[in-house]
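Engineer: One structure coming up, written as structure tokens, with questions to follow.
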Amino acid sequence: MLRSISLGTVAAALCLAACAPEVPPDPKPSDGFTGAEKVAVDEVFSIVSGTFPEPQEVLFRDPLVSDVEGEGRFVCLDAAMPGDRWTGFVATRAKNEEAYHVVREADALSPKARPQCRALVLKYLGEQDVDWYEAEVAYNKAGCAHLDTSYWEAWKMACNGKITRPATTPKPAA
């Protein structure tokens with residue numbers, strides 16, 4: 001009798017497991033990309049996630065591949081640990097090289113200031129005939145006074161070419 005109860009319990013558990021909905025896998029940064037872009041985004045995310053203390057928990061958002069005429073192909077994305085501030089990354093692989101050169105954002109812009117700073121970077125950073133007083137006032141007013149110019153110069157040059165975004169954009173957590 002005990003054996004028939006055990007078999008019934010096992011059969012019921014197997015039946016329930018078969019009916020349970022499958023848990024979808026976590027989205028990958030390369031989801032929605034195809035071919036060479038998919039490979040490049042996966043390679044860059046692997047490198048980027050390795051710079052965090054818990055690589056398996058790194059979140060991402062806004063992955064894109066940018067082809068800049070005369071400069072090459074770049075992968076741009078934001079990454080963060082759960083609950084932390086988003087950090088921008090720009091990566092490229094030089095011709096005939098295996099390793100990627102990655103530039104990591106090293107400033108502390110607020111989430112509110114970041115989009116405003118991007119617009120100001122496009123307008124002022126590295127441009128000729130800029131009224132620097134006007135630019136400084138605009139940067140300060142928008143909360144962009146302490147930009148990491150190395151990152152933002154790389155972002156401006158690399159992440160604004162012919163853009164390829166994923167066909168489906170995974171939703172980042174928080």
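Engineer: When Lys and Arg each count +1 and Asp and Glu each count -1, what net charge do the other residues less than 14 Å away from Ala80, Cβ to Cβ, add up to?
Structural biologist: Value of the local net charge: -2.
Engineer: Rolling a 1.4 angstrom probe over the protein heavy atoms, how many square angstrom per residue are accessible across the stretch 36-168?
Structural biologist: Here the per-residue accessible area is 57 Å².
Engineer: To continue, here is another question. If the cut-off is 24 Å between C-alpha atoms, which lysines fall inside it for Lys162, apart from same-chain ones fewer than 8 positions away?
Structural biologist: Cα-Cα hits under 24 Å: Lys28, Lys38, Lys95, Lys123, Lys171.
Engineer: So if I take the centroid of the Cα atoms in the stretch 39-58 and the same for the stretch 102-169, what is the distance between those two points in Å?
Structural biologist: Cα centres, the stretch 39-58 to the stretch 102-169: 23 Å.
Engineer: Contact order normalised by length for the stretch 48-120, with contacts defined as Cα pairs under 8 Å and 6 or more residues apart; what percent is it?
Structural biologist: RCO, the stretch 48-120: 20 percent.
Engineer: While we're here: What does the highest-first list of 153-165, 96-108, 52-64 look like by mean Cβ count within 10 Å?
Structural biologist: With the highest mean Cβ count within 10 Å placed first, the list reads 153-165, 52-64, 96-108.
Engineer: Would you work out what percent of the accessible area of the stretch 108-147, with all protein chains in place, is carbon or sulfur (probe 1.4 Å)?
Structural biologist: The C+S portion of the solvent-accessible surface of the stretch 108-147 is 55 percent.
The values are calculated or read from the model by the stated rules, or taken from the named source; none is laboratory data. Note that this is a predicted model, so its numbers are computed, not measured. Methodologically, a virtual Cβ is constructed for each residue, glycine included, from the backbone with ideal geometry; neighbour enumeration extends over all protein chains shown. Protein only, heavy atoms only, side chains kept; ligands, DNA and RNA dropped before computing areas. Shrake-Rupley method; radii C 1.70, N 1.55, O 1.52, S 1.80 Å.
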